[in-house]
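The values are calculated or read from the model by the stated rules, or taken from the named source; none is laboratory data. Note that the structure is predicted; figures quoted are calculated from it, not measured. Please note: Cβ atoms are built from the backbone with ideal geometry, for glycine as well, and neighbour counts cover all protein chains shown.
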Amino acid sequence: MSAPPKPVPLTTVESTETSDSGAQTLTLSVGPQHSGSGHMRLIVEVDGDIIVNVSPDPGYVHRGIEKIIELRNIIKSIPVIERPSIIDASNLNHAWVRSIEEIQGVEVPRRGQYLRTLLNEMNRIMSHLYWLSIYGVFLGHTTMFMWPLGDRELFIDLAEKLTGARITYSYLVPGGVRRDLPPGFAEEAVKRTEYFEKRLKEYDRIFFNNPLFTSRAKGIGVLPKQKAIELGCTGPTLRGSGVDADLRKDEPYAAYPELDFEVSTRPDGDSFSRAMVHMDEMRESCKIIRQIVKKIPSGPIRRKAPIVLPRGVAYGRVESARGECSFYLIGEGGDKPYRARYITGSYRNMAAIPAVLLGSRLADMPTAWWSIDYWPVEADR
Amino acid sequence: MSAQRTAQEEDPVATLAEGLSIWVGKLSDLVKKVVDTGPIRNVINWARMYSLWPVNITTACCSAEFGAASGARHDLERFGVLPIGSLRQSDLIVIEGTITKKMAKRLRVIYDQMALPRYVIAMGDCAMSGGLFHDSYSIVNGAHEFVPVDVYVPGCPPRPEALEQAIIMLQEKIRRSKVYEQG
Amino acid sequence: MSLSHEREDALVQKLKESFPADIKETNIIRRARLEVTVAPEKIKDVAVFLRDKLGFDHPNGVSAVDYNRENRFEIVYHVSSISIKGMRDLVLDLKESVPRNAPRVGSLVSVWSGVENYERESFEMFGITFEGHPRLEKLFLTDNWDGPPPLRKDIRFPTD
């Protein structure tokens, strides 16, 4: 295949409206009923077709989870905590149990740590595949909608074998995990990840090396490195801007210190970079899953943990599929937390939405916007 | 008003038109009767059953399972369900999960703008009764509080198979109902 | 787990040397978790110092906590460092307290631009006013809540 063509530089098709009218702008409301918005609204101000102002209007899925957690005991809160991002349920669950264990001082057995890591990585793949399928819809590429959703079922089946549920697992509990590996899981996992890696090559051929995609994504929605750090971006959005920050390496938790994987970064900070970071992470996750089923130690999967939250403060955080998910948890000795502050990856990346959209064309909005991997339910909580 | 009426009475064309419209009304009543009793009804209902296009609105996290149901394995398109962006061309709202008060207003606006006949599937426990978030300060406890619901799908979230069953139940409901009483 | 916290101790030392009067309390919770309580009038100076001199350039979030029994709100800025690679696991909680009946504090958007959304959320959920914030309006609750700030401890909801 020949090299993909260079994207058309913005200066060659300068709009006429900007030059003569200047101040005449038009305010558009994108969403919530719009195929390119999801469960949120973007108030976009355009001059001609150049976006001059963007203000996100979230809150269409705000369910007051921080208040609900204060009213329930720490175990009953687990399903509530998973709901903001049920395509990435296990990682959010991990942040919760990690902050509880920090206060309780409970150590999780090594086999339990490995099982947690296993489900986390499966969830990362599922979440990225869901993102990719919606990206396909946004770019009008129906094959890229169908393929990732079909391949996602490979891992959903696997997770169903392990936990008993398709996407909402409640698998991680304070002290360990609920269930052990079912028989025949290791072979099945190796088989499926190997098949999936072959499929990823086909994804590259049909989508990521396709000029239809590269010409629309390269150089679009640029988020410079310094800006990404200042705005507090996280996850693939930050790594797509050339920062190799990944909590799995920087603050190794669960079984990650014993596993071999690489943090993927891209220097350009455009939509294409962020998309490729997602692709690389799926490959790395396949590697991690195979390592885990190979070297998982034997032993107990769970240690007894008290059901009360002692007096204390914790800031527990994990690297979820959309970036750092953290809990600022304050216990006061009862079975309910005094305060549980819940900050998710999408919420943090919300600050990047205006930054990537300003100055680009309205037609480039879906490409730039969805490359942030902003899941409104997770951001609104 | 009265001046208009006298003018109309004098005008033979207007008189004729008025008489005709009465006859057209009677004729349309007759047509409705024929359509609803005869085999035409089956044809119309058959067409409606297999072109249920849901409008592209997502309310909460059940949209992940709706996505999975539209995807390659479950493929809702074989039931004639194809998500569409334009609400004027769509017949169905699948309410996917929790409805916040903020979203409920928009959902009602969307429902009002859709052409008749229109159907509503309430997917998930939250759309039925508030579910996990029943004690939250910002949600509506059930979709029936602001739109009429045709089919409820329990589950948190419901599996794609459950959604498929809901579609089949809705199709069955359409098959049995009268043409002019739908939506 | 080792009990020595050399890195954290060094940070606390540096902060105390630069602001001997304004640092009210420091607390090393555990490894890589550090709490610093400052006076609300001086929080901006401390924040600028943290950003420019100690490398805390990455805002992780802002939490507000309602201690209604002690009649105060606590505002916690969680910040970490990206530029110093050995310090990426460290989260510093910069805390300030304001009386519950007059919750007015200075905004830190000019120091870390990423805290804008979190401060807006604290404004709508707790009713804390951030002076100098570029756009202090509701974020999530624009249509679905018109009562008092819902996350305050004295606001109860029926659990029917």
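Do we have any residue at all in the stretch A:126-135 that's of a type outside the set (F, W, Y) and within 30 Å of A:R303 (Cβ to Cβ)?
yes
Kindly indicate whether any position in the stretch A:67-82 is more than 18 Å from B:H134 (Cα to Cα), of a type in the set (A, V, I, L, M, F, W, C), within 22 Å of the chain's Cα centre (by Cα) and away from chain C (no Cβ under 11 Å).
No: zero hits.
Residues that are more than 10 Å from chain A (Cβ to nearest Cβ): find the strands (runs of 3 or more DSSP E) completely inside the stretch C:19-90 holding 2 or more of those.
On the way: elements: C:23-30, C:33-38, C:58-67, C:72-80.
Once the strands (runs of 3 or more DSSP E) in the stretch C:19-90 are filtered for at least 2 residues that are more than 10 Å from chain A (Cβ to nearest Cβ), what remains is C:23-30, C:33-38, C:72-80.
Return the pair list, or none, for Cβ contacts closer than 6 Å from residues in the stretch A:159-185 that are in the same structural domain as A:R83 (by TED's automatic domain parsing) to residues that are among the acidic types (D, E), at least 6 apart or on different chains.
Here the result reads A:R166/A:E160; A:T168/A:E82; A:P174/A:E101, each pair linking the stretch A:159-185 to a residue that is among the acidic types (D, E).
So A:Y374 fits all but one of (1) in a helix (DSSP H, G or I); (2) within 12 Å of the chain's Cα centre (by Cα); what number is the exception?
For A:Y374, the exception is condition (1).
Out of the residues in the stretch A:320-345 that are among the small types (G, A, S) and either out of contact with any Gly (no Cβ under 8 Å at 6 or more places or on another chain) or outside the structural domain of A:I74 (by TED's automatic domain parsing) (or both), which is surrounded by the most Cβ atoms within 10 Å (Cβ to Cβ)?
A:A340
Kindly check whether there is at least one residue in the stretch B:58-68 that is touching a Phe, Trp or Tyr at 6+ places or on another chain (Cβ under 7 Å) and buried (at least 16 other Cβ atoms within 10 Å of the Cβ).
Yes: one or more hits.
If you check A:H39, A:H94, which single one turns out to be crowded, with 18+ Cβ neighbours inside 10 Å and modelled with pLDDT of 85 or more?
When all the criteria are applied, what remains is A:H94.
Can A:T117 be described as within 15 Å of A:V97 (Cα to Cα) and not in a loop (DSSP other than H, G, I, E, B)?
It is true that A:T117 is within 15 Å of A:V97 (Cα to Cα) and not in a loop (DSSP other than H, G, I, E, B).
A:R124 fails exactly one of the following numbered conditions: (1) touching a residue at least 24 places away in the same chain (Cβ under 8 Å); (2) facing chain B (nearest Cβ under 10 Å); (3) assigned to a helix (DSSP H, G or I). What is the number of that condition?
So the condition that A:R124 fails would be (2).
Taking B:G124 and the conditions (1) among the small types (G, A, S); (2) within 16 Å of B:L87 (Cα to Cα); (3) surrounded by 22 or more Cβ atoms within 10 Å (Cβ to Cβ), which numbered condition does it fall short on, given that it satisfies the others?
Every condition holds for B:G124 apart from (2).
Go through the stretch C:15-40 and count every residue that is more than 29 Å from A:G105 (Cβ to Cβ) and touching a residue at least 40 places away in the same chain (Cβ under 8 Å).
Residues flagged as more than 29 Å from A:G105 (Cβ to Cβ) and touching a residue at least 40 places away in the same chain (Cβ under 8 Å) within the stretch C:15-40 amount to 2.
If a residue has to be among the hydroxyl-bearing types (S, T, Y), over 25 Å from A:R317 (Cα atoms) and part of a loop (DSSP other than H, G, I, E, B) to count, how many in the stretch A:339-371 make the cut? Break it down into steps so the answer makes sense when it comes.
The initial filter retains those residues of the stretch A:339-371 that are among the hydroxyl-bearing types (S, T, Y), namely A:342, A:344, A:346-347, A:360, A:367, A:371.
Restricting the remaining residues to those that are over 25 Å from A:R317 (Cα atoms) gives A:360, A:367.
Imposing the further condition that a residue be part of a loop (DSSP other than H, G, I, E, B) reduces the set to A:360.
Summing the residues that are among the hydroxyl-bearing types (S, T, Y), over 25 Å from A:R317 (Cα atoms) and part of a loop (DSSP other than H, G, I, E, B) in the stretch A:339-371 gives 1.
For the stretch A:355-379, what are the residues that are acidic (D, E) and more than 19 Å from A:T27 (Cβ to Cβ)?
If the condition is that a residue be acidic (D, E) and more than 19 Å from A:T27 (Cβ to Cβ), then A:D373, A:E378 are the ones that fit.
Quick check on the stretch B:32-53. Is at least one of its residues closer than 30 Å to B:E161 by Cβ, surrounded by 12 or more Cβ atoms within 10 Å (Cβ to Cβ) and within 14 Å of chain A (Cβ to nearest Cβ)?
So far as the stretch B:32-53 goes, yes, one or more of its residues are closer than 30 Å to B:E161 by Cβ, surrounded by 12 or more Cβ atoms within 10 Å (Cβ to Cβ) and within 14 Å of chain A (Cβ to nearest Cβ).
Would you be able to tell me the number of residues in the stretch B:147-168 that are surrounded by fewer than 15 Cβ atoms within 10 Å (Cβ to Cβ) and under 16 Å from the mean Cα position of the chain (by Cα)?
Residues flagged as surrounded by fewer than 15 Cβ atoms within 10 Å (Cβ to Cβ) and under 16 Å from the mean Cα position of the chain (by Cα) within the stretch B:147-168 amount to 2.
Just to be sure before I move on: is A:N73 in contact (Cβ under 8 Å) with a residue 12 or more places away in the chain and either more than 30 Å from A:E194 (Cα to Cα) or touching an Asp or Glu at 6+ places or on another chain (Cβ under 7 Å) (or both) in the structure I sent?
Yes.
Filter the stretch B:87-118 down to the residues that are hydroxyl-bearing (S, T, Y) and within 12 Å of chain C (Cβ to nearest Cβ) and list them by number.
B:T98, B:T100
Given the options B:E145, B:E161, name the one that is of a type outside the set (K, R), more than 9 Å from every other protein chain (Cβ to nearest Cβ) and closer than 21 Å to A:A165 by Cβ. Reasoning before the result, please.
Details: B:E145 fails: closer than 21 Å to A:A165 by Cβ.
Matching residue, one of B:E145, B:E161: B:E161.
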